[in-house]
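The next block holds one structure in the form of C-alpha cells; read it before the comments.
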Amino acid sequence: MVRLRIIDAFTDRPFAGNPAGVVVLDRPADEGWMRDVAAELNLSETAFAVRTPAPGAYGLRWFTPLVEVDLCGHATLATAHALAEDGAAGPFAFATRSGELRADVGGDGTVRLDFPARSTTPVTGPLVDVLTAALGTPAVAVCTDGVDVLVEVGHEEVVRALVPDVAALAGVDARGVVVTAATTPRPGLDDASLGAPDVVSRWFGPRVGVAEDPVTGSAHCTLGPYWAPRLGRSSFVAHQVSPRGGVVHVEVVGDRVHLRGHAVTVLDGDLRGPASS
C-alpha cells in the first residue's frame with residue numbers, strides 16, 4: 001500500500017482552495033499507475049514526489065485526470081505542506097519538467113513557492129473573437145505566455161459572474177484560459193479571511209480535463225508579471241474567485257515569482273495496489 005493524502009491548497013480552512021492528491025514515494029513509480037491514480041482521484045492535479053539521496057531534494061511530477069502537466073502550483077504547495085507535516089526539513093528543491101522549483105514552509109505553516117516568471121505577448125485576430133464569444137464578454141486585452149491565454153476584462157464582477165461556453169474554450173490551442181481583472185475595493189464585499197484582493201481571476205482548462213480549476217498557482221506565474229507594472233508594485237494579493245475560492249500572495253522578484261499560501265490536509269490514508277508494474 002502507498003500513503004495518499006488530499007490537501008486543500010491556497011486556503012487555511014478545509015473544503016476551500018484547490019484540492020490536490022499527494023503521493024510521496026521512495027522510488028520512481030510506473031507512469032501508467034500514476035496516470036490511473038490521477039484519473040481515479042479526478043482532481044485537477046495529483047502530485048507524485050520521489051525522495052532522492054540529497055537532503056530536501058525530490059523529483060516531482062503532476063497529472064490531471066487526462067495528461068501530465070509541465071507546471072502546477074497548488075499541488076507543489078500541497079507537496080511541501082505534506083513533507084513539512086511529516087517533519088522533513090526544508091527548504092525543498094523539486095526537480096520537474098519546468099526545472100528546479102523551490103519551496104519553504106514558515107513556522108506558521110505558510111508555504112512560499114519560488115517559480116519561474118512568465119512574460120506575455122499580445123494576441124490579436126480571430127482568437128479574440130472566439131474568446132469574446134466563448135466568455136460572453138468583450139476583452140480589454142488578450143495575451144499569451146505560450147502556455148495559457150490571459151484575458152483581461154473590464155471589471156471584477158465580470159470575472160465573478162462568468163458562465164463561459166466550456167466546449168468552445170476547449171477549442172482554444174492553449175493549456176487553459178485565465179480571465180482576470182483588477183479589483184475595486186468596497187468595504188464588506190470580500191471575506192476578510194481571504195484578504196483584500198488586488199486582482200481576481202478564474203482559470204478554465206477543458207482541453208486538459210479541468211473545466212474550471214479552483215485555484216491555479218501556475219497561472220500566477222503569468223498574472224504576477226502582468227499585473228505588477230499595472231498596479232505599480234511588485235507584490236499583491238490575488239483571489240481566484242471560483243466557487244471554492246482561494247488566495248495567492250504574489251511577489252515578482254526578477255525573473256522569478258514567489259507565491260505564498262496555506263494548505264490543509266483533509267484526507268490521509270492508504271492507496272491499495274502496486275506503485276510499479
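The values are calculated or read from the model by the stated rules, or taken from the named source; none is laboratory data. Computed from a prediction, not measured in an experiment: that's the story for all the values here. Please note: Cβ atoms are built from the backbone with ideal geometry, for glycine as well, and neighbour counts cover all protein chains shown.
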Q: Could you please let me know if ALA75 is within 16 Å of the chain's Cα centre (by Cα) and more than 17 Å from ALA219 (Cα to Cα)?
A: no
Q) Is at least one residue of segment 42-54 crowded, with 18+ Cβ neighbours inside 10 Å, in contact (Cβ under 8 Å) with a residue 40 or more places away in the chain and either in the same structural domain as HIS239 (by TED's automatic domain parsing) or not in a strand (DSSP E or B) (or both)? A) yes
Q: Considering only residues that are assigned to a loop (DSSP other than H, G, I, E, B) and out of contact with any Gly (no Cβ under 9 Å at 6 or more places or on another chain), look in segment 218-270 and name the one that is surrounded by the most Cβ atoms within 10 Å (Cβ to Cβ).
A: VAL241
Q | Residue among ARG61, ARG97 that is touching a residue at least 12 places away in the same chain (Cβ under 8 Å), among the charged types (D, E, K, R) and within 13 Å of VAL22 (Cα to Cα) | A | ARG61
(Q) Where the second residue is acidic (Asp, Glu) and in a strand (DSSP E or B) and the first is under 11 Å from PHE10 (Cα atoms) and at pLDDT 95 or above and lies in segment 241-267, which pairs have Cβ atoms under 6 Å and are six or more apart or on separate chains? (A) VAL264/ASP8
Q.
From the list PRO116, PRO185, exactly one residue is modelled with pLDDT under 95, within 21 Å of VAL250 (Cα to Cα) and not charged (D, E, K, R). Which is it?
A. PRO185
Q: Please report, ordered by residue number, the helices (runs of 4 or more DSSP H) entirely within segment 114-191 with at least 3 residues that are touching a Pro at 6+ places or on another chain (Cβ under 6 Å).
A: 126-135
Q) Does VAL159 fit the bill of being surrounded by 15 or more Cβ atoms within 10 Å (Cβ to Cβ) and assigned by TED's automatic domain parsing to the domain that holds SER218? A) yes
Q) So which residues in segment 2-41 are touching a helix residue (DSSP H, G or I) at 6+ places or on another chain (Cβ under 6 Å) and either under 19 Å from ASP270 (Cβ atoms) or surrounded by fewer than 24 Cβ atoms within 10 Å (Cβ to Cβ) (or both), if there are any at all? A) ARG5, ILE7, ALA20, GLY21, VAL22
